[in-house]
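First comes the structure, then the notes that go with it.
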Amino acid sequence: MPGPCSAAGLDFSAVGGTTYRIAIDGFGVVAGNLTLSWDMESQLAIPAVAPNGTLHISFTGVNGQKYALLVSSNLDTWYTQAIRTMSGSSDEYIENIGTGTRFFPDSFWCLERD
């Protein structure tokens, strides 16, 4: 039977290369199920066009995680522009604007785990 505090949460910024040990204990003799979840944050920088006409989009994420870089002209239909597996904690997508198949002058960009 759940007590007054039947759910708990914890937020912290993990540091790469650090081993974390998680211990969970019920109050008194209380037992139950456990769901462990986490979020691996990623961030997408504001796209920039270099003087030579190339589009540069920098992003950060979790080493080894695969990300899809999506683009849309209307926030309704999204196209996968690139898929990258993070090597380290940051990456950059570079494209010649004249040769891109899905570059929109007024485009929206999104980064999601693939």
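Geometric descriptor of region 43-113, per residue, is 84 Å³ (volume of the convex hull of the Cα atoms). With neighbours defined as other Cβ atoms within 10 Å of a residue's Cβ, the residues 67, 93 order from fewest to most as 93, 67.
Residue exposure proxy: 57, 24, 97, ordered by other Cβ atoms within 10 angstrom of their Cβ from fewest to most, comes out as 24, 97, 57. In terms of surrounding Cβ atoms within a 10 Å radius of their Cβ, 41, 95 rank from fewest to most as 41, 95. At full extension, residue 112 and residue 96 could sit 3.5 nm farther apart than now, given 0.36 nm per residue minus the alpha carbon distance.
Using only side-chain charges placed at the Cβ, +1 for Lys and Arg and -1 for Asp and Glu, the dipole size of region 43-113 relative to its Cα centre rounds to 180 debye.
FYI, it's all coordinate maths here, none of it is from the lab. None of the values given here were measured: they were computed from a predicted structure. Note that we place each Cβ from the backbone using ideal geometry, even for glycine, and neighbour counts take in every protein chain shown.
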